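A short reminder: the numbers here are calculations on the coordinates, not readings from a lab. Keep in mind that this is a model prediction, so the values were computed, not measured. Cβ coordinates were reconstructed from backbone atoms using ideal geometry, including for glycine residues, and neighbour counts include every protein chain displayed.
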Amino acid sequence: MKTVTLTLENPPELYLEGQNITPDNFAGKTAAELAAIDIWEGKLKSPLGKHFAVAGNGGATAADTKIVLRGDCTRVKRIGQQMTAGEIVIEGNADMYIGGWMKGGKIHVKGNVDSFCGIGMEGGELIVDGNAGHHLGSSPRGEWRGMQGGVIRVAGDAGNDTGTFINGGTIIIGGDADIHISTHGEGGTVIVKGNAKGRVGGQMVKGDIYVFGEIENPLPGFKLVGEVEQEVDGVKGRFAHHIGDLGERHPVSKGKTVYANLYTQI
């Protein structure tokens with residue numbers, strides 16, 4: 001795997017739209033060709049090399065290409081958007097939409113990310129060492145398809161509306177989560193190892209939620225049906241098993257109604 005290193009030397013006054021910073025776009029290009037790739041600051045288009053020093057050439061394919069970003073990328077959006085393979089490492093913080101509509105490969109952010117990261121994700125792996133903003137792994141605004149596959153792992157806390165309209169894949173939050181988890185969910189798994197503020201699983205018809213800590217304001221639409229012992233993300237525990245959201249219409253499979261599952265650690 002060949003590595004391209006981007007070092008932010010000329011920070012933007014506004015925000016950079018970095019959707020072209022992907023292994024797919026970098027593959028097969030020299031450092032000089034990469035420096036000429038388009039990037040937008042607001043409505044103004046400029047070459048990538050205006051803001052970043054570029055070192056290294058892309059690999060023959062996306063899978064053979066690794067991108068390392070250095071410097072403060074809190075004003076750089078959409079890194080890794082729609083990538084299908086390869087690897088991206090962000091050695092600090094990053095802005096919104098990181099890994100949006102991602103289909104494959106791996107993104108590792110060694111800091112915090114802002115909102116809408118991993119939205120519409122179909123595959124691959126997004127790892128965040130710090131905290132995540134709102135709408136993690138959710139659907140884009142106005143859409144009803146959220147995360148469909150892949151894994152998002154956040155070591156810290158997450159904001160509100162995690163996994164809205166989630167259909168598949170797994171989201172793991174190492175800390176606490178704000179309100180609205182898996183709202184309108186039709187599949188997938190969300191694991192919260194800390195506390196959840198409330199409105200967990202609202203209008204959810206399918207899928208699984210695990211909360212290791214406390215739910216501040218549980219919804220009345222979930223019914224306790226028993227207790228189970230399970231291993232979740234490598235941790236064995238005993239959980240109270242709830243089904244819901246009972247206020248919604250649920251599909252029927254092989255003559256049995258399918259419900260969403262909410263597990264809270266005992």
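Numbers below:
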read-out: Dipole magnitude of the chain about its Cα centre (Cβ charges: Lys, Arg +1; Asp, Glu -1), debye to nearest 20; value: 480
read-out: Antiparallel DSSP beta bridges within region 115-265, percent to nearest 5; value: 40
read-out: Cα lying deepest toward the dipole's positive end in the chain, options His241, Asn131, Thr61, charges on Cβ; value: Thr61
read-out: Loop GluC sites (Glu not before Pro), region 192-240, which have at most 13 other Cβ atoms in a 10 Å radius of their Cβ (DSSP); value: Glu214
read-out: Sparse-neighbourhood loop sites, trypsin sites (Lys or Arg not before Pro) in region 166-266 - DSSP loop, at most 10 other Cβ within 10 angstrom; value: Arg249, Lys254
read-out: For the chain, share of DSSP beta bridges that run antiparallel, in % to the nearest 5; value: 35
read-out: Overall form of the chain per C-alpha gyration tensor (a/c, 1.5; a/b vs b/c); value: prolate
read-out: Student exercise, region 115-265 dipole from Lys, Arg, Asp, Glu Cβ charges, in Debye to nearest 20; value: 460
